[in-house]
Amino acid sequence: LINPVVVAPTVAAVGLSFYSYGFPQVGNCLEIGAVQILLVIIFSLYLRKISVLGHRIFLIYAVPLGLVITWAAAFLLTEAGAYSYKGCDTNIPSSNIVSEHCRKHVSRMKHCRVDTSHAFKSSPWFRFPYPLQWGTPVFHWKMAIVMCVVSIIASVDSVGSYHASSLLVSSRPPTPGVVSRGIGLEGLSSILAGLWGTGTGSTTLTENVHTIAVTKMGSRRAVELGACVLIVLSLVGKVGGFIASIPEVMVAALLCFMWAMLAALGLSNLRYSEAGSSRNIIIVGLSLFFSLSIPAYFQQYGISPNSNLSVPSYFQPYIVTSHGPFRTKYEGVNYIMNTLLSLHMVIAFIVAVILDNTVPGSRQERGVYVWSESEAARREPAVVKDYELPFRVGRIFRWVKWVGL
């Protein structure tokens, strides 16, 4: 059921859904946010063919290079007093500021300075995270159902990423068992993330597939080494403090680039189908348009008429739940439907999967994914080696069908 014509608009909708957050946040401090966007664009496009010691440094490290340079400039401006105003204190909430002079500059102080969070100074050098450190998780069945649907959407991205990765490393396509195992391990990782209280789940990122194409590095050893480095860095509190000290404007500027990449990489899945087919063009076009238009209809109910509260666009799906247009006598059903139908990627997935599986089209036109057969994979040692679990862990789980090939 999940093929390139479904994957492309669903993943693209994830990137496009934050369009109203990106540049409006950058505009709060243009001299920092706009510069960072320009640096990343220059590095990734204009300097992408320049090699340093045989490596295309600017293409591979466009995002971290832009972040470091911009953060250093923001730090120097902050230390030089460019965002310090006489008699004004960034620690005072905006609602408590009496001086008109300070009220005028509070936005620039909040968004341009790198020391407003005080996270770097207050964070310890070493900190050992442990399960349930923030207390026992609280279960709400309504949000659980919403997250189950969102997990299915994330799995759509994973299906496309697995297939694209196999092509980039010149391997046989994964078997249905390998795909199930990958999605199952993502679910297990999300459970661990919840126990550690990270606040986000785990899933496959399409940008990582692009990284394979750019770096020509398809070895799993690199991923394993990177994971070990990240685990070690998680024990150093100053690393987290530094990340927390990055101004919101710089984060929004980075996400302008990353979300744009996500939308483009999502649409690039169409290359596995007949991208010029009128059938596919109509399906993708309808999916993308409705993924923006239908949530806009639902999100206009996000603020009650008698409220003057201003809520950022990315919070709208959670505000619309209480008084959205979907109204029945069952509060739980209202919550679930109003939330799901105000999420862009859910609408894109529903429209795409229904149209792609009901509108007639050949397998070639649809770009139906071809999976390797388990029996054939077992007969070929190279395929088994590509998809076996690292460090021979798979031997322990041979009795579980979905862990096999």
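Of all residues in segment 355-373, those that are more than 21 Å from Phe290 (Cα to Cα) have Cβ atoms under 9 Å from Cβ atoms of residues that are acidic (Asp, Glu), 6 or more apart or on another chain, in Gly361/Glu274; Ser362/Glu274; Gln364/Glu274; Glu365/Glu274; Gly367/Glu274; Ser372/Glu380. Note on segment 265-306: among residues that are of a type in the set (Ser, Thr, Tyr) and outside any helix (DSSP H, G or I), the one that is surrounded by the fewest Cβ atoms within 10 Å (Cβ to Cβ) is Ser304.
Scanning segment 23-45 for residues that are small (Gly, Ala, Ser) and surrounded by fewer than 22 Cβ atoms within 10 Å (Cβ to Cβ), we see that the one that is farthest from Val370 (Cα to Cα) is Gly27. Take the conditions surrounded by fewer than 18 Cβ atoms within 10 Å (Cβ to Cβ) and either touching a strand residue (DSSP E or B) at 6+ places or on another chain (Cβ under 9 Å) or at pLDDT 80 or above (or both) and apply them to Phe315. Does it pass? Answer is no for this residue.
Set side by side, the residues Phe58, Phe120, Phe128 differ, and just one is touching a strand residue (DSSP E or B) at 6+ places or on another chain (Cβ under 9 Å) and either at pLDDT 85 or above or part of a helix (DSSP H, G or I) (or both), which is Phe58. Among the residues of segment 251-264, is any not basic (Lys, Arg) and not in a helix (DSSP H, G or I)? Within segment 251-264 (the criterion being not basic (Lys, Arg) and not in a helix (DSSP H, G or I)), the answer is no, since none of the residues qualifies. Scan segment 74-95 and tell me whether some residue there is modelled with pLDDT of 85 or more, under 28 Å from the mean Cα position of the chain (by Cα) and open to solvent by less than 90 Å² (accessible area, probe 1.4 Å). Yes, some residue in segment 74-95 is modelled with pLDDT of 85 or more, under 28 Å from the mean Cα position of the chain (by Cα) and open to solvent by less than 90 Å² (accessible area, probe 1.4 Å). Can you name the residue in segment 319-354 that is touching a Ser or Thr at 6+ places or on another chain (Cβ under 7 Å) and open to solvent by 40 Å² or more (accessible area, probe 1.4 Å) and, of all such residues, is modelled with the lowest pLDDT? Restricting to residues being touching a Ser or Thr at 6+ places or on another chain (Cβ under 7 Å) and open to solvent by 40 Å² or more (accessible area, probe 1.4 Å), the top hit is His323. Among residues of segment 296-307 that are more than 18 Å from Leu16 (Cβ to Cβ) and among the polar types (S, T, N, Q), none has a beta-carbon under 8 Å from a residue that is surrounded by 13 or more Cβ atoms within 10 Å (Cβ to Cβ) and at pLDDT below 50 at least six positions away or on a different chain. In summary, Ile212 fulfils each of the numbered conditions (1) free of Cβ contacts under 8 Å to residues at least 60 places away in the same chain; (2) over 25 Å from Ser155 (Cβ atoms) with the single exception of condition (2). Take the residues of segment 46-73 that are over 23 Å from the mean Cα position of the chain (by Cα) and open to solvent by less than 60 Å² (accessible area, probe 1.4 Å): which is farthest from Ala296 (Cα to Cα)? Once the filter is applied, the top-ranked residue is Ile57.
The values are calculated or read from the model by the stated rules, or taken from the named source; none is laboratory data. Every value quoted in this text rests on a predicted model; they were computed, and no experiment measured them. For neighbour counting, all protein chains shown are included, and Cβ atoms are generated from backbone atoms with ideal geometry for every residue, glycine included. Protein only, heavy atoms only, side chains kept; ligands, DNA and RNA dropped before computing areas. Shrake-Rupley method; radii C 1.70, N 1.55, O 1.52, S 1.80 Å.
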